[in-house]
Every structure is written in structure tokens, then in C-alpha cells.
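K.L.:
Have a look at the structure that comes next, please.
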Amino acid sequence: MAGFGPPPSETKRRRNADTFEDQAVIVEAGAEVRGPELPHAALYGPQTITWYETWRRAPQAAAFVGTDWQRLHMLAPLVDAYFAEPSTKLLSEIRLNESLLGATHVDRLRARIKVEQPKPAPTATPAGVSDMNVARRKRMTDAS
């Protein structure tokens, strides 16, 4: 089977504009739980439930629609079977489907999914710092 070719480079110089730039999806990283719970979760092993919960917390899950969650629900029995008895055939099918959902960095580059890290909250000025500046300024103006 032919591959997709090399992933797009973010530093590559191009003369033409990106045709799909306006279709890029920007999602914010975080541990927010998204999407529905796994149906019939009691039927699956703990590794499968952890796998599904990882997908629910993945940043790209913010862009998932119903069909994406349905695909994960359809994959759950395969993932459970893989954990029970690993096989390359099952892993291949799982990997292919996860790739289409943006599982790896390269998959996200191809799908133009940009994950942005949350901005750190601005730190407050330590108590007394502004007071010291005022006092220093006053001393300097009084000396003149």
C-alpha cells in the first residue's frame, strides 16, 4: 500500500498560498473530558476504558463530531480484543483508524490540526514591589 508521502513541513518556503489554510482546525490542549461515555463500558477491560478515556481527553477531540465518536465506539471491541490477544492484524486496523482521527503528530500535521498550549496565567507582582518603586521615585524627586 502506498503511503501518504512526507508530512508537510512547517518551515518549508512556499511561493503559493496554502489552499487549505482557512480550513485548519486549532484546538487548545488541556485535560477537558469531551464526548460521550463509552457505551456498555462494563463489557470492556480496564485497558480499553483507559484507551477510550485518553481519546476523550485528547485535544483533537474538541473537533470531533458524532461520526468520529461512532468510529471510536466501533473500534473499542477491536482494541479490547487486541489487549486480550495481541495480533498484528488487529493493531493494523486500530492504527489505521486512529490515524484518520489524528492520533500522532504527523497525522495532525496532515489533517491541519494545530494544538495550542494554554497560555500561562500572568503572575501577580510580588507584594511591596510597586510600593518600593514609588518610594524610590519620591526619594529621587526630593533630592533634586
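Read the figures in this text as sums done on the coordinates, not as results from a lab. Here the structure is a predicted model, which means the values were calculated and not measured.
K.L.:
Among rounded, prolate and oblate, which fits the stretch 27-99 when a ≥ b ≥ c are the square roots of the eigenvalues of its C-alpha gyration tensor, a/c under 1.5 means rounded, and a/b larger than b/c means prolate? All intermediate terms of the calculation are to be shown ahead of the outcome.
P.N.:
Working: a/c = 1.92, a/b = 1.52, b/c = 1.26.
Taking the square roots of the gyration eigenvalues as a ≥ b ≥ c, the stretch 27-99 is prolate.
K.L.:
Rounded to whole Å and sorted largest first, what semi-axes of the equivalent ellipsoid does the C-alpha gyration tensor of the stretch 48-89 yield via the square root of 5 times each eigenvalue?
P.N.:
Working: eigenvalues 90, 25, 12 Å².
In descending order, the three semi-axes are 21, 11, 8 Å.
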